[in-house]
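The values are calculated or read from the model by the stated rules, or taken from the named source; none is laboratory data. Remember, predicted model here, so these are calculated numbers, not experimental data. Reconstructed Cβ throughout: ideal geometry from the backbone, glycine too, with neighbour counts over all protein chains shown. Accessible surface areas use protein heavy atoms only, side chains included; no ligands, DNA or RNA. Shrake-Rupley method; radii C 1.70, N 1.55, O 1.52, S 1.80 Å.
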Amino acid sequence: METSANGETSAPVGRRRGGYAIRDVARATRLSESALRYYESIGLTPAVARDQSSGHRVYSQEDLDYLDAVACLSGTGMPIEDMRVYLGNALRGAAGASEQIGLLEAQRDRLDMEAEALRVRREYVELKVRYWQAVAAGDDTEAAGIGERARAVAQDVKGTRGS
């Protein structure tokens, strides 16, 4: 196992002429090859060296460490522009700390909203399971009560789409 700059461990990846091939970096970071190319094309990640004979990307250990941090931010669902600011601030140390905190607090709040939306959708599905179990058991009174609760939760579910 290798340990990246952000303290995460990953499986070792194969070397390619002094660096790592894109498929190996994708496997190590759990970012798709297309995401790696996209992040480079929009400038979220620095340009990657190319093999002179093949033109293939050759990632350094430094690139891999940086991309591991990108993968972690991406995994939280952080918007690309926030990732760009966060990664840029990382080099500022204490001078960038308050902005880093703000970015992370905003992401935490988005995740809290997503968790609540997920909780509501799960509650609705659970009520529908219980409704159909009551129907299958022939318990019309129980089914009617659960149906009422499901209709109430359905209003919240409709409000969570696209959240």
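At a glance:
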| quantity | calculated |
| --- | --- |
| Condition check for Ser98: under 29 Å from Ala21 (Cβ atoms) and either open to solvent by 70 Å² or more (accessible area, probe 1.4 Å) or polar (S, T, N, Q) (or both) | no |
| Residue in the stretch 51-58 that is touching a helix residue (DSSP H, G or I) at 6+ places or on another chain (Cβ under 8 Å) and more than 30 Å from Ala154 (Cβ to Cβ) present | yes |
| First in the stretch 96-107 and under 16 Å from Gly77 (Cα atoms), second anywhere and open to solvent by 30 Å² or more (accessible area, probe 1.4 Å), Cβ under 6 Å, 6 or more apart | Leu103/Asp82; Leu103/Tyr86; Gln107/Thr76 |
| Every residue from the stretch 124-135 that is open to solvent by 80 Å² or more (accessible area, probe 1.4 Å) and among the charged types (D, E, K, R) | Arg130 |
| Among the candidates Ala115, Ala150, Ala134, residue that is among the small types (Gly, Ala, Ser), assigned to a helix (DSSP H, G or I) and free of Cβ contacts under 8 Å to residues at least 12 places away in the same chain | Ala115 |
| Odd one out for Ser74, checked against (1) surrounded by fewer than 17 Cβ atoms within 10 Å (Cβ to Cβ); (2) in contact with a Leu (Cβ under 9 Å, 6 or more places away or on another chain) | (1) |
| Selected residue [closer than 23 Å to Ile22 by Cα and surrounded by 13 or more Cβ atoms within 10 Å (Cβ to Cβ)] from Arg149, Arg121, Arg50, Arg84 | Arg84 |
| Count of the stretch 44-60 residues which are without any contact (Cβ under 8 Å) to a residue 12 or more places away in the chain and either among the acidic types (Asp, Glu) or under 25 Å from Asp82 (Cα atoms) (or both) | 1 |
| Matching residues, the stretch 152-163, being over 25 Å from the mean Cα position of the chain (by Cα) and either among the aliphatic types (A, V, I, L, M) or open to solvent by less than 60 Å² (accessible area, probe 1.4 Å) (or both) | Ala152, Val153, Ala154 |
| The stretch 101-118: number of residues that are farther than 30 Å from Ala150 by Cβ and open to solvent by less than 60 Å² (accessible area, probe 1.4 Å) | 4 |
| Test: residue in the stretch 90-104 that is among the polar types (S, T, N, Q), over 24 Å from the mean Cα position of the chain (by Cα) and at pLDDT 95 or above | no |
